[in-house]
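What follows is calculated from the coordinates using simple rules that are stated; it is not laboratory data. Since the model is a prediction, treat every value here as computed from it, not as a measurement. Cβ coordinates were reconstructed from backbone atoms using ideal geometry, including for glycine residues, and neighbour counts include every protein chain displayed.
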Amino acid sequence: MNLVGALLLIAGLLMLVPGILAWNDLLPPNAWVGIRTRVIMRSPAAWYAAHRVAAPWLVMMGAPPTVVGIAELLRPPTRPVATKVALVTAAYVAVLVVIATVKAERAARRVPD
């Protein structure tokens, strides 16, 4: 089994599934999944507002690693491109993490106390 492919698939699903749940207001405030900053965690209203705004970014974050992970698991092991693919995917995700967090924080700050 291709370890990089499996890791990409797992990482992608860990972002994609919460993104889909958040998009549908089905991701409740919790200590494990989602964007958890002091501002976002201050109230359920702030949590939901933040995750509603961040949801598209979470889905965009999770979809490529999921697809690339599946592709890596299905490709013949004689073509070693996994490291390059993983690095590019990780850079893409890192940029979107920052964007999603900034947008979520802004949305949470707009929620009255």
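Given a cut-off of under 8 Å on Cα pairs at least six residues apart, what relative contact order in percent is computed for the chain?
Reported as a whole number, the value is 41 percent.
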* Among residues other than Trp57 whose Cβ falls under 13 Å from its Cβ, what is the net charge (Lys/Arg +1, Asp/Glu -1)? -> +2
* Under a 10 Å cutoff between Cα atoms, tell me which one of Ala11, Ala86, Ala31 has the largest fluctuation in the Gaussian network model of the chain. => Ala31
* Asked: Given springs between every Cα pair under 10 Å in a Gaussian network model of the chain, which of Arg52, Arg36, Arg75 has the largest fluctuation?
  -> Arg75
* To do: Please find the FRET efficiency linking Ala31 to Leu74, where r is the Cβ-Cβ separation and R0 is fixed at 35 Å, and quote it to the nearest 0.05.
  => 0.50
* Under 11 Å from the 7 Å Cα→Cβ point of Trp23, by amide nitrogen: which residues of region 32-71? -> 55-63
* Asked: Per the Kirkwood formula on distinct C-alpha pairs, the Rh of the chain is how many angstrom?
  -> 14.6
* Structure fact -> From DSSP H assignment alone, runs of 4+ in the chain each adding -39500 (n - 2.57), the sum over residues rounded to the nearest 500 puts [θ] at 222 nm at -25500 deg cm²/dmol
* Using alpha carbons only, how many degrees (0 to 90, rounded to 10) separate the axis of helix 44-74 from the longest principal axis of the chain? -> 0
* Structure fact -> Largest fluctuation, Ala90, Ala50, Ala22 only, Gaussian network model of the chain with Cα springs under 10 angstrom, belongs to Ala90
